[in-house]
Amino acid sequence: MAYRIRPDADFTESFRSVATEQLERAVTVLEERPDGAHEAIHSFRKNLKRLRSLYRLVARDVPDFRAQENTRLRDAARSLSAIRDAAALIGTAQYLQHAARGKEESEALGRIVTILEGRRDWMAEAESGLEQRLTETSDVLKEAIAALDAVSFDGGHRKNARMLAKSWRRTARKAKTALAACHGEASADDFHDLRKRTYDYRLYHALLRDVWPGAMKAKRDAAKELVEDLGHIHDLTVLSELVEAEPQLFTRNDDLAHLLDIIIFRQQEDRRQALVKAEAVFADDADEEAQRIELLWVMAGS
């Protein structure tokens with residue numbers, strides 16, 4: 001089943017099917033690891049992000065379930081975060097290398113990539129009990145699958161439509177608030193908050209796309225592009241924090257200077273471009289969008 005909830009289907013069954021599919025995919029990739037542990041953890045975390053967005057969408061009607069499962073999934077993701085974060089830093093350095101402004105800067109960043117690859121491999125070798133944690137995390141996800149039997153939505157089609165509209169309105173409003181905070185002297189946390197809200201907004205368009213397929217796809221694609229841009233901004237912040245915390249990694253001062261210079265440049269450019277895109281993505285009034293979703297859901301399920 002695709003990542004969607006159909007308005008003409010039983011809501012409880014659709015919700016459980018979507019959630020079960022994401023959890024089963026996560027279990028399978030952790031147990032089989034076709035592309036190695038690093039990629040398995042990356043795929044697993046993407047599945048969990050989709051799940052947490054799904055659970056936020058229905059949080060108003062099942063608050064206890066959402067709180068319980070959000071904690072379960074958050075803790076599961078954190079248990080495997082260190083190695084994956086080390087691997088993600090390599091991708092950030094490669095992104096900077098592709099954006100390098102000249103041969104000297106590109107070569108310096110190539111050496112930074114090699115340093116970060118060595119750090120990742122060292123961390124993986126030093127990581128004790130990774131195999132056991134992968135197994136334990138798989139067991140936790142199986143418990144999350146079993147927990148889905150306890151959740152149900154019995155209020156009827158119109159009540160479900162109101163629930164979806166309220167969740168949509170709340171997320172859109174939070175995104176607009178986060179966007180406003182990103183203007184002026186914004187912090188890294190402000191942009192990270194906008195990224196999280198945009199991620200939910202994008203996935204809501206995927207989950208409910210059957211009510212208005214063409215329009216939902218266009219908005220979803222724009223939100224996906226914005227999420228990717230905001231992800232680069234966040235990754236640059238994480239790389240900056242690593243430079244501050246572990247400066248001994250970077251033994252060539254000129255390489256470190258190139259790295260810090262392009263981080264600052266790309267952060268400024270990426271922030272500017274992201275704000276332009278965000279203004280377009282969140283141009284619609286949150287209340288009007290929510291009302292439209294409610295009406296379309298009711299009509300599509302009639």
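The modelled label-to-label distance for the pair residue 124/residue 268, using points 7 Å beyond Cα in the direction of Cβ, is 3.7 nm.
Hey, what D do you get for segment 164-279 in µm²/s if you plug the Kirkwood alpha-carbon radius into Stokes-Einstein at 37 °C and 0.692 mPa s?
Numbers: Rh = 15.6 Å.
Taking Rh from Cα pairs, D becomes 211 µm²/s.
One chain, two ends: residue 245 and residue 291. Fully extended at 0.36 nm per residue, the span grows by 11.8 nm beyond their Cα-Cα distance.
Can you give the convex hull volume of the alpha carbon atoms of the chain per residue, in Å³?
Numbers: hull volume 41.3 nm³, N = 302.
Considering the Cα atoms of the chain, their hull volume per residue is 137 Å³.
Using only the alpha-carbon atoms, how far is helix 130-147 inclined from the longest principal axis of the chain? Give it as 0 to 90 degrees, nearest 10. For helix 130-147, the angle is close to 10 degrees.
Over the C-alpha trace of segment 5-129, radius of gyration and Dmax come out as 19.0, 60 angstrom. Put simply, when 94-100, 165-171 are sorted by average Cβ atoms within 10 angstrom per residue, most first, you get 165-171, 94-100. Compactness of segment 62-209 was expressed as the Cα radius of gyration divided by 2.2 N^0.38 Å, which yields 1.42.
Can you send over the carbon and sulfur percentage of the accessible area for segment 84-240, probe radius 1.4 Å, protein chains only? Display every interim value, and only then the final one.
Details: 3570 of 7360 Å².
Taking all protein chains in place, segment 84-240 shows 48 percent carbon and sulfur surface.
Modelled spin-label separation between residue 166 and residue 261, with each label point placed 7 Å from Cα along the Cα-to-Cβ direction: 5.5 nm.
Taking 0.36 nm per residue of sequence separation and subtracting the Cα-Cα distance, how much length would be gained by fully extending the chain between residue 70 and residue 24, in nm to one decimal? Could the numbers behind the result be given before it?
Numbers: separation 46, 0.36 × 46 = 16.56 nm, distance 1.69 nm.
In short, 14.9 nm is gained.
The values are calculated or read from the model by the stated rules, or taken from the named source; none is laboratory data. Here the structure is a predicted model, which is why all the values come from computation and not from measurement. Note: ideal-geometry Cβ built from the backbone for every residue, glycine included; neighbour counts use all protein chains shown. Accessible surface is based on the protein model in full, side chains and every heavy atom, while ligands, DNA and RNA are left aside. Shrake-Rupley method; radii C 1.70, N 1.55, O 1.52, S 1.80 Å.
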